[in-house]
1. Quick one: how many Å² of K296 are accessible to a 1.4 Å probe, rounded to 10?
2. Can you pull the accessible area of E318 for me, 1.4 Å probe, Å² to the nearest 10?
3. Show H96, H32 ordered by accessible area, largest first, where the area counts protein heavy atoms only and the probe is 1.4 Å.
4. So what's the Cα pair-distance distribution over segment 53-147, bin width 5 Å, in %?
5. So what is the diffusion coefficient of segment 281-346 in µm² per second by Stokes-Einstein at 25 °C and 0.890 mPa s, using a Kirkwood Rh over Cα pairs?
6. Among the lysines, which have Cα under 20 Å from the Cα of K296 when same-chain residues fewer than 8 positions away are ignored?
7. With the cut-off at 1.5 for a/c, could you classify segment 477-530 from its C-alpha gyration tensor as rounded, prolate or oblate?
8. Per 10 Å bin, what percent of the C-alpha pairs of segment 422-499 does each bin hold, from zero upward?
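The values are calculated or read from the model by the stated rules, or taken from the named source; none is laboratory data. Computed from a predicted model, the values in this text were never measured in an experiment. Note: areas computed on protein heavy atoms with side chains; ligands, DNA, RNA excluded. Shrake-Rupley method; radii C 1.70, N 1.55, O 1.52, S 1.80 Å.
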Amino acid sequence: MAPRTRNLASDPDRPSFLEELYQGRFRWDLIHPFPEQRPEDRERGDAAVAAVGALLRERIDPDEVDADGALPDGFLAELAERGYLRLQAGSDVGGHGLSSYNTFRVIEEAASRCFPVAVLLGIENALGAGAFLPVLPPGPLADRVRAHVLAGGLSGSADTEPEGAANQGRATTATVVEDGAAYLLNGRKVQVVNAPAGGLFSVTASVRDPDGTERNRLFFVDADTPGVRRTGPQELMGMRGLPFGGLDLDDVRVPAELALAEPDPEHTSRLTPAVSLLVVRGRLYIIAAPSLATAKLCLSWARDFTARRSVDGRGLGEYEEIRRRLAESQAEIFALESTARWSLLGEDNDTGVNLKFEQNASKNICSVLGWRVAERTLSMLGGAGYETARSKRDRQAPPHAVERAFRDVRGLRITGGVDFLLDHWSASRTLLSYYYPEPDHAAELAAEQAPPPVGFGDDHALSARNLAHLAFVREQVHRFGRDCLELTRRHPDRAGLAARQRLMILLNRTATELLTMSLTLARAASPGTSGDQEVQDLADVYCTGARARLAALRHERAQEEEEGGEGAGDASAAVDRLSAAVSNHHPNTTGTTGAVR
């Protein structure tokens with residue numbers, strides 16, 4: 001049952017659970033038994049986590065960092081000196097040689113102490129110059145990057161432009177000069193981490209070939225090259241203290257040997273294949289680890305608040321809705337952690353499974369789950385949640401930084417791609433690829449009942465309720481594949497169907513809900529959880545909520561698929577009319593839409 005190679009993430013030799021799910025196949029054998037961290041690797045990670053935690057407790061006051069919008073003087077240099085900017089790199093460049101999951105754990109620990117430090121560590125270890133060393137062939141570029149890493153220099157990724165980050169091409173241009181010996185870069189980059197102090201930046205730019213074809217290339221640019229001007233700093237709603245700024249490039253000469261060589265000369269998409277691989281895994285460091293840490297903090301603050309407060313003589317924890325909200329947060333943390341563990345431990349343990357699809361999906365899964373926990377916590381604490389930690393400390397109340405966590409974690413839903421746009425891209429570019437042309441297993445999908453489960457036996461520890469959830473997921477995965485088949489049969493024009501953005505978003509959200517349920521159940525089914533009622537309850541609570549969300553997604557999708565008549569046809573027309581009305585009005589006038597300003 002090897003997957004058909006339909007897109008860049010496919011690997012005919014390594015099956016993927018999510019890729020199979022996209023095709024309506026539930027491959028329990030690919031996620032169970034759930035991977036566990038090896039004891040010796042866990043010990044190495046424990047030591048690294050403890051060291052980073054001790055450093056941050058000694059050097060960082062997160063309230064001061066948030067208030068000042070800056071990290072302490074010399075702290076970035078200290079991170080570099082201790083090798084924390086190259087957690088996975090080898091000792092030959094001063095790195096720690098950590099596994100993917102231990103790198104995640106270190107960044108999670110950092111986020112529990114100071115959110116902007118964690119994001120900085122995530123970006124350096126995911127997209128910084130040192131992260132490229134494993135994909136660079138021997139030569140001048142590898143030598144330049146290695147020298148930068150050995151010197152402990154800061155780096156950054158300069159991709160986003162004032163025009164936005166969603167364009168496939170780049171407004172920044174790279175013109176071939178000196179008979180191909182160099183390029184001249186011109187353009188502007190914004191929202192660049194370490195722009196104020198970094199020394200070496202990876203810069204995306206559009207190169208126009210002699211035949212007129214434009215393609216993206218990645219260039220490594222020294223910040224002190226003539227024509228480079230730093231701009232900013234840029235101030236963010238959250239993550240205050242993260243050094244953000246921009247780069248202006250004016251006829252910046254970059255030697256050809258400092259352009260990342262691409263094996264595919266026909267490549268024209270926004271991100272090069274080598275960068276895409278780093279980005280996909282790197283999102284777990286930059287986004288999932290801080291999301292998990294923040295969610296855990298919020299849960300601890302909510303529990304503390306609940307234990308201290310009472311309403312009308314009853315302890316807050318005695319109220320049904322409070323208990324439910326605490327349980328939902330705990331269950332969502334379990335699901336978030338399960339997604340991250342699967343996406344990284346499978347890689348560390350070399351399970352033979354292709355994890356690119358799950359790593360890509362984890363961005364939205366983890367950032368949305370982290371945000372839901374933070375938002376729920378803010379509501380539970382009410383005014384005490386909205387109040388800043390500094391204000392609470394001044395009045396001698398527990399200084400839980402819910403307000404700051406709320407700001408910080410919300411940014412992760414737009415970091416690395418806005419969540420709803422990623423949903424659309426994943427469905428239109430990946431999911432649909434399995435249905436154009438029609439798949440070989442169309443007859444299997446057309447059947448009302450799902451085929452028998454693959455790899456499911458008695459080697460599990462699931463409760464009766466979770467077994468029922470598992471049966472539900474298996475049936476829903478099959479139904480999802482059948483729905484996709486019927487939908488694409490009704491819409492033979494793939495481009496036309498892909499253009500229906502709302503429908504694509506709903507399809508992808510359905511797939512990721514099913515994925516998260518599956519991974520949560522697989523972790524709960526691990527032999528090591530036998531008899532652990534708390535684990536079974538966590539999976540049960542999460543899956544119960546997910547089933548309600550899936551029902552809502554199916555209802556909305558059914559409405560969206562209608563063409564004309566009642567439901568989405570009329571609603572879509574109303575949306576179009578309102579959109580046209582808004583675009584035709586001056587921003588300072590209201591007309592008949594005065595309530596929408």
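1. 80 Å²
2. Approximately 100 Å² of E318 is accessible to the 1.4 Å probe.
3. Details: H96 65, H32 10 Å².
Descending order: H96, H32.
4. In order of increasing distance, the bins hold 3, 13, 23, 24, 16, 11, 6, 3, 1 percent.
5. Once the numbers are plugged in, D ends up at 185 µm²/s.
6. K363
7. Working: a/c = 5.46, a/b = 2.79, b/c = 1.96.
It comes out prolate by the Cα gyration axes.
8. For segment 422-499, the binned pair fractions read 16, 39, 27, 15, 2 percent.
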